[in-house]
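A short write-up of the structure that comes next.
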Amino acid sequence: MPRAGFLPAAEQRRASFDGPLDIGHGQTNSQPRTVQDMLRLLDVRPGQRVLDVGSGSGWTTALLAHLTGPRGEVVGVEIEPDLVAFGSANLARTDQPWARIVAATPGVLGVPGHAPYDRILVSAAARELPAALVDQLAPEGRMVVPVSGWMVLAVKDDRSQVEVSRHGSYRFVPLR
């Protein structure tokens, strides 16, 4: 999924830059190396159900859809209405109908009515591990989320116990 197709026109020439790029509304398209690190930790498999929190321009939603393949399902959720429209248009051009972006419900984190998810990717920084998202994770599911400056992997076992590990320091826009 070439990054350029998920950037505003003014930023497309910088698509190969390995850093975050502005997509408006105080949001960024994440640094490619960071996205790579997050996706490796997430370990998405074909056919899985995935939630992409903070879908922004739709780039990570499209990458996740590529990883799940057509037997999978990816739901991107975004709080900024203009970015829901922008990301949805970008995603539509990838011809992956098993993925979509929806508007966040005010005061609700994730899309609990559609849970559980095998994988959850969060592209915004939380102050603490978001319990509302842990609750949406399926048994044996994985969630990658930046928490207080650290990339955190939360793995839920088949008894719904959660093991948390830290994987490097990262900066993200705040989770709202």
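Determine by what factor the alpha-carbon radius of gyration of the chain differs from 2.2 N^0.38 Å, reporting the quotient.
0.94
Tell me, what is the 1.4 Å probe accessible area of E80, in Å² to the nearest 10?
Rounded to the nearest 10, that gives 30 Å².
Using +1 at the Cβ of each Lys and Arg and -1 at the Cβ of each Asp and Glu in the stretch 74-176, identify which of G107, L91, L153 lies farthest towards the dipole's positive end.
L153
Which whole-number percent of Cα pairs in the stretch 64-124 have a distance greater than 16 Å?
46 percent
Using only the alpha carbons of the stretch 1-93, determine the length spanned along each of the three principal axes and report them from longest to shortest in whole angstroms.
That gives 35, 26, 21 Å along the principal axes, largest extent first.
Tell me, in nm to one decimal, what length is gained between D135 and S148 on full extension, where the rule is 0.36 nm per residue of separation less the Cα-Cα distance?
So the chain would gain 2.7 nm between D135 and S148.
So what's the net charge close to G19: Lys and Arg +1, Asp and Glu -1, counting the other residues with Cβ under 13 Å from its Cβ?
+1
So what's the net charge close to Y117: Lys and Arg +1, Asp and Glu -1, counting the other residues with Cβ under 13 Å from its Cβ?
Here the charged neighbours net out to 0.
Can you work out ³J(HN,Hα) from phi for every residue in the stretch 89-98, in order, using Karplus 6.51 cos²θ - 1.76 cosθ + 1.60 and θ = phi - 60°, giving whole Hz and x for Gly and Pro?
5, 5, 5, 4, 5, 8, 6, 10, x, 7
How much accessible area per residue does the stretch 8-75 have, counting only protein heavy atoms and a probe of 1.4 Å, in square angstrom?
Accessible surface, normalised per residue, equals 44 Å².
What is the diffusion coefficient of the stretch 111-176 in µm²/s, taking the Kirkwood radius over Cα pairs and the Stokes-Einstein relation at 25 °C with a viscosity of 0.890 mPa s?
The diffusion coefficient I find is 208 µm²/s.
Between helix 32-42 and the chain, what is the angle of the helix's C-alpha long axis to the longest principal axis, kept within 0 to 90° and rounded to the nearest 10?
Compared with the principal axis, the helix lies near 20 degrees.
Within the chain, what percent of beta bridges assigned by DSSP are antiparallel, to the nearest 5?
Among the beta bridges of the chain, antiparallel pairing accounts for roughly 45 percent.
Quick query: amide H of W150 versus all other amide H atoms, modeled in the peptide plane; which residues come in under 5 Å with a sequence gap of 5 or more or a different chain?
Those qualifying (amide H under 5 Å, at least 5 residues apart or on another chain) are Y170.
Two-decimal Rg/Rh of the stretch 4-50 from alpha-carbon positions, Kirkwood Rh?
Result: Rg/Rh = 1.06.
Using the Cα centre of the chain as the reference point, and only Cβ charges (+1 on K/R, -1 on D/E), how large is the resulting charge dipole? Debye, rounded to the nearest 20.
260 debye
For R142, R176, R127, give the ranking by accessible area with the largest first, probe 1.4 Å.
Solvent-accessible surface, decreasing: R127, R176, R142.
Report, to the nearest 10°, how far helix 59-68 tilts away from the longest principal axis of the Cα atoms in the chain, using its own Cα long axis and a range of 0 to 90°.
That helix lies at roughly 50 degrees to the long axis.
Provide the per-residue ³J(HN,Hα) series for the stretch 160-173, in order, calculated from phi with Karplus coefficients 6.51, -1.76, 1.60 and θ = phi - 60°, each as a whole number of Hz, with x at glycine and proline positions.
Each residue of the stretch 160-173 in turn: 6, 7, 10, 9, 10, 9, 9, 9, x, 9, 9, 10, 9, 5 Hz.
In whole Hz, what ³J(HN,Hα) sequence does the stretch 2-9 give by Karplus (6.51, -1.76, 1.60; θ = phi - 60°), x for Gly and Pro?
Couplings: x, 4, 4, x, 10, 10, x, 3 Hz.
Work out the length of the dipole vector of the stretch 38-112 about its Cα centre, built from +1 on the beta-carbon of each Lys and Arg and -1 on the beta-carbon of each Asp and Glu, and round it to the nearest 20 debye.
280 debye
The values are calculated or read from the model by the stated rules, or taken from the named source; none is laboratory data. Just so it is clear, the structure is predicted and the values come from calculations on it, not from any experiment. Positions of Cβ are generated from backbone atoms using ideal geometry, with glycine treated the same way; all protein chains shown enter the neighbour counts. These accessible areas exclude ligands, DNA and RNA; they are computed on the full protein's heavy atoms, side chains included. Shrake-Rupley method; radii C 1.70, N 1.55, O 1.52, S 1.80 Å.
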